[in-house]
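Only the coordinates and a few stated rules stand behind these numbers; no lab work does. Bear in mind the structure is a predicted one, so any value in this text is a computation, not a measurement. Here the Cβ positions follow ideal geometry from the backbone for every residue, glycine too, while neighbour counts run over all protein chains shown.
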Amino acid sequence: MQEFKHFIVLILLLSIGKTTAQGTITIEHKTKRFIGDISMFDRGKYVNAHISEFNSNSAFESFKAAYNISADYPGGRQFWYPISKVKDGVIPSVSNKFNGVRTVFPQMIATQKETKLFYDDNLNYAVDDISQFSIDLADYVARSLKDDWARVAKYLEPLNEPMIHAKNYIKDGFSTAKVNAINVKICNFYRDLGQAVHATPELANVKMMGYAAAFPEYESGDFQLWNDRFKMFIDIAGEDMDVFSIHLYDGVGGVNNKSGRRSGSNSEAILDLIETYSFIRLGVVKPLAVSEFGRLVPNQPGWTANNGTSNYEPITNSQAVRSQLHMIMNFMERTDKFEIATPFNTELPDFTSQFSKSSIWINDTNGVPQLTMRKYFYEMMKDLEGYRVWIESDNIDVQTQAFVKDNKLVVMLNNLNDITQTIDLNLVDATDLASVDIKTLKIFEDKVPELTETTVTQVPNDISLVYGETAVLTYNFNNPVQFDDAIQSKKYHCAEYLKPINANTDVAFPFTGVVKTQGKATLRLGVARAHGLSLTPEVRINGTQITYPSDVVRGYDQLNRGQFFGLMEIPFNIDLLNNGQNTVSVRFNDGGGRAVSAILQVHDSATSLSTEDNQFKNLDITMFPNPVKQGVSAKFNDGKAYQYELYTITGQKITKATGDEINTSGLGSGIYIIHIKDENHSKAIKLVVE
């Protein structure tokens, strides 16, 4: 009966015949993709929890074993480091227990509340000078980590969400100036601690992270909130930070989140803004971290602290998983400039505690720990391993990732669109495929999530995803996948930002140091505008106007936010770029708002695989013409005769022959795969017949 149910689900989900689709996903699993210089998927960056479990815990050990998490993983965030031992401003003594460079826990972030810095109720922190205490406190933390702290986290994030609490330390009436004065002291402490840690050779493995920004509505007040918080932080402490960190949450209230979603274009624009200002102010793009993310889920009705009422409810608990999967797909696209992501999934099994609503396991009425709905984040991530490969979606609302390890290709998809999206799946080379495992996760507003798993032996042609649905497809091949091509994705940042938009007036972004290559290119344009204003500017690359798709904004329209602040991802012909100097200009037909940031992202298809990765490097063969008209012969470019096999895109063999050309008479229009062999090498070539 269960198998029959899976069969019915599969018929609804995957079509073997052609359907009317809202886009196509193209998968080239033999093309290794590098983001910067990184291709290998680092699970330690992306599979984490807001947990600190250094002691034996059977529930935690079972959780790790179930979801492909290292057995020695102690968790991802702890509110405990030397500053925690400071009481009422009294700095403890430091013992000399350790020598040499300290070993660190590689996925752990250590943080604490700002009350350790602002401990004295008698001080007026908006006015009083605490600079010496800040320096002394920083010196103590560095000495303690060096000499007597047993468990040193790799990431030191000194204070948790400190700037939203600055108002708590104001006396004699609130003012923005007083808040800013306190925030300056927060930035000074980060600077002092960063300098103390970096001046301590024994702490070479510790990375300074800051500032754990919360509620980053930086467009507020025409970016005054940005100027008063993260910009000021970078100006004061940026040089002494190794990583810039932030917290990103979708709002509360139903599927559409009444206080707005950061999933999609908004979170992309926020992170691009930080990258851009890092480049402008510091001359380098420092890595990012998201030390908390997900969705704000409400307390249960009637729950208050210590009243013995449960604050755990499965449907409420599950809502954050949708947002976490949305966002992790974004973070994985930044892997060369990204340190770590920690979803706010906690370890509070007592169902009466406040954050049991966010816990990964909860004790049942007999005190036995049971995994909660938060397990589904890890379920959908557990199969991701290996090298990143090229995958492309022409539907901007369907996020994609793909990885190859040995004989497995794992494809992860996620739908940001409020409406169900049906997408064609184009696996460019299906030869040697044995089966496909399909796992999908739907998360609902009014019932617990639905996980479906099944296996098919035919290549699925398409897939339908409801809003927030995630799918993981594992393509199982008979033999290990061999890479025969590579693509490198890299970014160029502009040294100008936050440009005002005036009607029918060009907003220019200059770029330097661009290396022209072949492949694909995208303009990442951050835009902040009032609702109702245009989001379809004229775009020119070095003076040439481009055309682009009608939808270049990931996810929803942000109408339940105060204004639109998001990223427009605009593809263009890479041939329009110059070596060196380039100018991108955008022009709106109405005024108001800002063109916030501009980044050129190029996908260089001229990248070569390294010798150890590429057993086909010496067999440099292409075909011409390609595409080729029906009835016209396509020839091997070197004029040699090769033994080859011709396959359809779905892996059906058409012929096996030897020669220096392929006659396309009798072939229908479409994509074909040619497998070529000589004495020592082989290669696959795509041939497009028109």
Exercise. When the dipole is taken about the Cα centre of the stretch 623-689, and only Lys, Arg (+1) and Asp, Glu (-1) are charged at their Cβ, what size is it in debye, to the nearest 20?
Worked result: 180
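Starting with the fewest neighbours, write out Arg43, Arg334 ranked by other beta-carbon atoms found within 10 Å of each beta-carbon. Working shown, then result.
Details: Arg43 17, Arg334 21.
Listed from fewest to most nearby Cβ atoms, that is Arg43, Arg334.
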Problem set entry | Set of lysines near Lys520 by C-alpha distance (under 24 Å), chain-local residues within fewer than 8 positions excluded | Lys30, Lys32, Lys337, Lys490, Lys491, Lys617, Lys683, Lys686
Exercise. With Rg and the Kirkwood Rh both taken from Cα atoms, where does Rg over Rh land for the stretch 489-604?
Worked result: 0.96
Exercise. Taking the Cα-to-Cβ direction at Asn124 and at Ala503 and moving 7 Å from each Cα, how far apart do the two end points lie in nm?
Worked result: 4.9
Problem set entry | Kyte-Doolittle mean at least 0.0, axial Cα span of 15 Å or more - DSSP H helices of the chain | 2-13, 176-198, 265-282, 314-332
Problem set entry | Cut-off 13 Å, label 7 Å out along Cα→Cβ of Val101, residues of the stretch 161-203 by amide N | 201-203
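Counting Lys and Arg as +1 and Asp and Glu as -1, what is the net charge of the other residues whose Cβ lies under 14 Å from the Cβ of Asn180? Spell out each step's value before the answer.
Values: positive: Lys167, Lys178, Lys185, Arg229, Lys231; negative: Asp228, Asp235.
Result for the neighbourhood of Asn180: +3.
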For this session: Please report the relative contact order for the chain, taking Cα pairs under 8 Å with a sequence separation of at least 6, and give it as a percent rounded to a whole number.
Result: 14
Seminar exercise, completed: One finds, for Leu282 and Ser435 with R0 = 60 angstrom and r their Cβ-Cβ distance, a FRET efficiency to the nearest 0.05 of 0.75
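How would you order 592-604, 452-464, 657-669 from highest to lowest mean count of nearby Cβ atoms within 10 Å? If you can, show how the numbers build up before the last one.
On the way: 592-604: 21.9, 452-464: 16.7, 657-669: 13.2.
Highest mean packing first, the order is 592-604, 452-464, 657-669.
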Problem set entry | Pair Glu496, Glu690: separation of 7 Å Cα→Cβ label points (nm) | 3.9
Exercise. Could you work out Rg/(2.2 N^0.38 Å) for the stretch 139-243, with Rg from alpha carbons only?
Worked result: 1.17
For this session: Calculate one ³J(HN,Hα) per residue across the stretch 85-91 by plugging θ = phi - 60° into the Karplus curve 6.51 cos²θ - 1.76 cosθ + 1.60, and present them in order as whole Hz with x for glycine and proline.
Result: 8, 7, 10, 6, x, 8, 8
For this session: Please list, in chain and number order, the residues 5+ apart from Gly75 or on another chain whose amide H is under 5 Å from its amide H, with Hs placed from the backbone.
Result: Glu53
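Where does the chain land at 222 nm, in deg cm²/dmol rounded to the nearest 500, when only DSSP H runs of n ≥ 4 count, each adding -39500 (n - 2.57), divided by all residues? Kindly include the intermediate steps, with their values, before the conclusion.
On the way: 10 runs with 122 residues, N = 690.
Taken over the chain, the calculation gives -5500 deg cm²/dmol.
Averaging over every viewing direction, what projected area does the convex hull of the Cα atoms of the chain cover, in nm²?
Working: hull surface 136.8 nm².
Seen from a random direction, the Cα hull of the chain projects 34.2 nm² on average.
Could you give the length gained by full extension between Thr658 and Val514, i.e. 0.36 nm per residue of separation minus their alpha carbon distance, to one decimal place? All intermediate terms of the calculation are to be shown ahead of the outcome.
Values: separation 144, 0.36 × 144 = 51.84 nm, distance 4.32 nm.
Fully extending the segment from Thr658 to Val514 adds 47.5 nm.
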